[in-house]
Structures are given as structure tokens and as C-alpha cells.
Amino acid sequence: MTPPVPPTAVTLPPPPALADHDWLRGAVFYEVFVRSFADSNGDGVGDIRGLTAKLDYLNDGNPATTSDLGVDALWLMPVFQSPSYHGYDTVDYERIDDEYGTAEDFQRLLDEAHKRGIRIIVDFVMNHSSDKHPWFVESASSVTSPKRDWYVWRADDPGWTHPWGGDHDWYQRNGAFYYGVFWSGMPDLNFSTTAVRQEMERLATLWISRGVDGFRLDATRHLFANGPGDLQNDQPETFEYLKEFAASVRKANPRAVVVGENWTETPIIAKYYQALPMSFDFPLAEEILAGVKDGEAAGIANKLDEILEIYPPGAIDAPFLTNHDMVRFATVLGDDPAKLRSAAALLLTLPGAPFLYYGEEVGLLNGPGGPHDDEYKRTPMPWDASETGGFTTGKPWFGFAPGKETANVAAQTGDPGSLLSHYRNLIRTRKASIALQKGDLKILTSLVKSDPVLAFVRQAGNERVLVVHNLGKTEAEAGPYAIDGDGFEPIFATGNSADIAAPTPADGGWKVKLPAGASAVWKIQ
């Protein structure tokens, strides 16, 4: 293994502090595609009433029960009015999509979620709208339109292509060309126009007044484009506007959260913390899946070390395994039960606010489509093994992924050895430990040699925990680790053995022996 290149040192300001964001540090989020979660009226399309009916599955509000998943917050993929199944081309930012329900349905969802201690953030797609949005229709109608400068127009096509490669970014309409970094049906809004910036802030404030707890910002890297190629990413104006937008959210509700989608490398993600309190950690997700798949911990350890090195103080990471744009983790890991458990245990023992993608907790596979067929990443949730999966009484809007005979909630709920039970136990363990929720991270695994074992210490206040994951296919002995302590109290264990021995003294510290695919957490005494 080639020794890693040390990360480039950077000095970044701390993220803008929320007046009260303690709830966020350590919270577990759950990403929901409403269309695919639960259908209440038999039309085959998941809806808000269906989601509301399933809240007790997510968190019943009673810490003493063990039958719920125990998540703290939901991220709803787009729920605003849209002509598409996915909702990422908005035609009305003030209305819930008719297929999902009414404003009253949404308000009841918020009320019922809040009763259970569940916060809800919504996808806010402000980089672009639908080309069917009245704003764009008016903007395209004439060069003298009052909303002409709400979008980016020019007389010719400069020939830019997507910054990730591929198709052109400029499209002709009524004798002129408009910019759309994704495709013609999603024209980019022009954030150089003051009225656009103010309108987005007004809309965010409106939804906070209705009770939402924050926003997931789609495509935040592309708010401004100053030329072809990489000049369509991460421009200085983008950071400045995100500061302005986040400040407007904090003004509306100091506890509200804004999390950015910045699918890029760690040093660039780190820069977004000057504007946003949270950002999704795509590079870490890649390393986790690769490490679990290959049985190699060094890449994960190095990525965690890079994050510790270059993220600013106070940054709240948003780790995850996969999301709606990615092939599901159960498919990536070959539906290997031990690897699915390792990935889950790793994610839920890391710092920050981890995000789960609906169905991950039962091992939901990708559908049979290719890696670019997004519908197959967003198939209906299998609640049971019936033909309609307990998702609907009608015909589902899209086919189920393979494997729902066992990868379903009903089959796994009563099984203490199931993946669902594993997730429930992990989340309860996380909530019961202030160190796992909010603690700092100290990496014990070597950064310069191959190792199947990922080990680290988490500490908050006087509580310290040792976390060890054996990602390998055989039993592994790891250490010795230099840990100042007199003993270890087990608080979580999984793997091929029901009885994982506590660390034992060794020259220079403590050694740990774990079965293949096992994870364990001990409180350091």
C-alpha cells in the first residue's frame, strides 16, 4: 500500500453558529422519497398521509420502546409542485404536490412528527426551476419581460458543456439561449439578480413559518457560473450567497438547519462550512463502501484524518452510505449480511449527523436497471412480502426491487438477528452514549499500512468509548492501542460471535480480538 499524501493544510473560519444547534450534533436523519414510502389511498403513489401513518415505525416518541427505528429527523425529497416523478424541477415553491396531498395533510405530518420529537427538513431546489414554472415562461416570453433577468440568457450558445462532462448547457428558446447546468427542463435561476435572491429567502422563511425545521439544498455548487468547465462550480459568489441565505434561515428560526449537497472532494466541501453548518460527506461515503467491500480500513482512516485536519472547528459532518442518486449500498456490497452490518455499524458510530436512505435498514437492493436509471434507486418501500409489498392496495407506481421476500419490514421486525434489529440497536446505543452522539474522534488505526480493523476513540466530557470494526473476512487481532483506562464495559457488539472478548492488556496498550465482520463498542473505565 502506498503511504497516503498528507492533506493540504488550510485555514478556514468556523461555520456560522446556529443559536441552538445542539440537537443536530449526533442526530440520526432518514431520507424519504415520499412517492415510494407509503400509499394511503390505493393509487399506487406514496403520499404524505401514508408517511404520517408510518411515523411510529420511524420514531414513536417513547424512548422506552424498542419497536421503532429511533431516528431524530426526516429529510423529504422534493414535495413541492412538479411535473416530474422526482420533483427536482419545481413549478410552484409554495404548494405541496397534488399527488402527495394537501397543505392540510402536510401540516398534520409536521404536527404528528413534532409530537414524536421528529424534525422535518425539506428538499429546497433553488439552483433551478422547471421550464414550466411561470417565472421561466414569463422570462422566455420577451427580452423586455420583467423577469427576463431571473434566468441566465444570452444571444448565442457559448458551447459550454456540463462541468462533469457530456451535453451542452445552453438551450434555445424564442430566438435566444438560456443556461441550464443539468438539462433543458431545468433552467438555472440567476442569483446575480437581487429579486431572485430575495424570493428564495422569502420562500424559505415561508416554509419555516409553516413548521419545517430546515432545508436540504440541492446542487449548491452550481448557483453561479462564470464560464465553462470548472467555472460552473464553487464560485466565490456561491459562498457569499449561501451565507446570506443561511443567515435568513437562522433569522426565521435559530434552530433550523441547512445542509448542502456538494458532491466533490473533501478540501472543497470544507470551504462550504464558511456558509453552511452541514454538508454531505460524499468522499467519506465512497471510502466506507470501498473499505467494507474490500475489507480494508486504511482508506477510511485516512479520510477521517483528512476531515479532522481540514474541516473548520465546530463543523458538523453529514456522513451517509448512499442516497437517491447512487446505487444502493446493499447492491454495492453484494447483499452480504456481514458487510451490510459492518457498514451500518461504522456509519452510526461516526461523529456528525448520519443520514440513512429509506430501506437501507432492511437491506433494500437496487432495482435491475443500470447505474444511471434513477427510478431503480427509488423503488417502493417493502413493508411486507405480499404482491403489493404493503406499500399500496393498488398497483405500485414502479416495480419493487428484487429480494423483498426477506428484505421487508414485517419479516425482520420480530427477528433479533435481522438487519432492521441491528439498525434499531445501533441507534439506541448511539442515543444512550453522549460520546457516540457528540464526542470528538481520535483515530487509532494506522494511516500508513494496510489494516482490516478500523479503531477509534470517541470522547465527550468524561465519557470515552472505544469503537472497533473488523472489516475483514477472518478473525483479526488489532493493537496494541495506547488507551488510558483501567477496563472496558461493553455497550454494543455484533458479528459472528455473540461473546466478543473485552480488550486485553499488551505491551504499549490494549489489544482487541474480533471475529470476521464484527463491530464492538466499549465504554472506557
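The values are calculated or read from the model by the stated rules, or taken from the named source; none is laboratory data. Since the model is a prediction, treat every value here as computed from it, not as a measurement. All Cβ positions, even for glycine, are placed from backbone atoms using ideal geometry, and neighbour counts span all protein chains on display. Accessible surface is based on the protein model in full, side chains and every heavy atom, while ligands, DNA and RNA are left aside. Shrake-Rupley method; radii C 1.70, N 1.55, O 1.52, S 1.80 Å.
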Counting only protein heavy atoms and a 1.4 Å probe, tell me what percentage of the range 61-140's accessible area is made up of carbon and sulfur.
49
Where does helix 103-115 land angle-wise versus the long Cα axis of the chain, in degrees 0 to 90, nearest 10?
20
Could you look at the range 305-410 and say what percent of its accessible area is carbon and sulfur, using a 1.4 Å probe and all protein chains?
55
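Just check the range 29-176 against the gyration tensor rule for me: Cα atoms, a ≥ b ≥ c as the square roots of the eigenvalues, rounded for a/c under 1.5, and otherwise prolate or oblate depending on whether a/b exceeds b/c.
Prolate, because a/c is 1.5 or more and a/b exceeds b/c.
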Assuming a ≥ b ≥ c are the square roots of the Cα gyration tensor eigenvalues, decide whether the range 201-290 counts as rounded (a/c under 1.5), prolate (otherwise, with a/b larger than b/c) or oblate.
oblate
Residue-normalised accessible area of the chain, given per residue in Å² at a 1.4 Å probe
38
Residue-wise, which Karplus ³J(HN,Hα) couplings in Hz belong to the range 319-332, taking 6.51 cos²θ - 1.76 cosθ + 1.60, θ = phi - 60°, and x for glycine or proline?
x, 7, 9, 9, 9, 5, 9, 10, 4, 4, 5, 5, 6, 4
Could you give me the ³J(HN,Hα) list for the range 408-418, computed from phi with Karplus coefficients 6.51, -1.76, 1.60 and θ = phi - 60°, whole Hz, x at Gly and Pro?
9, 5, 4, 5, 9, 4, x, 9, x, x, 6
Amide H neighbours of F492 under 5 Å, counting only residues 5+ apart in sequence or on other chains, H built in-plane at 1.01 Å?
V521
Given backbone amide H placed at 1.01 Å from N, residues whose amide H is under 5 Å from that of R95, ignoring those fewer than 5 places away on the same chain, are Q81
Taking the 0 to 90 degree range and rounding to the nearest ten, how far is the long axis of helix 194-209 tilted relative to the main principal axis of the chain, both from C-alpha atoms?
50
Accessible-area order for E201, E477, largest to smallest, probe 1.4 angstrom, reads E477, E201
Would you mind checking which residues have amide H under 5 Å from Y481's amide H? H placed 1.01 Å from N; only 5 or more apart, or other chain.
W510, K511
Net charge near K132: determine it from the other residues with C-beta under 13 Å of the C-beta of K132, scoring Lys and Arg +1 and Asp and Glu -1.
-3
Counting pairs of Cα atoms in the chain, how many percent are more than 40 Å apart?
23
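Where nothing but the Cβ of Lys and Arg (+1) and of Asp and Glu (-1) is charged, how large is the charge dipole of the chain around its Cα centre, in debye to the nearest 20?
It comes to approximately 940 debye.
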Per residue of the range 180-192, what does 6.51 cos²θ - 1.76 cosθ + 1.60 with θ = phi - 60° give for ³J(HN,Hα)? Whole Hz please, x for Gly and Pro, Karplus curve as stated.
x, 5, 9, 5, 4, x, 10, x, 6, 6, 9, 7, 6
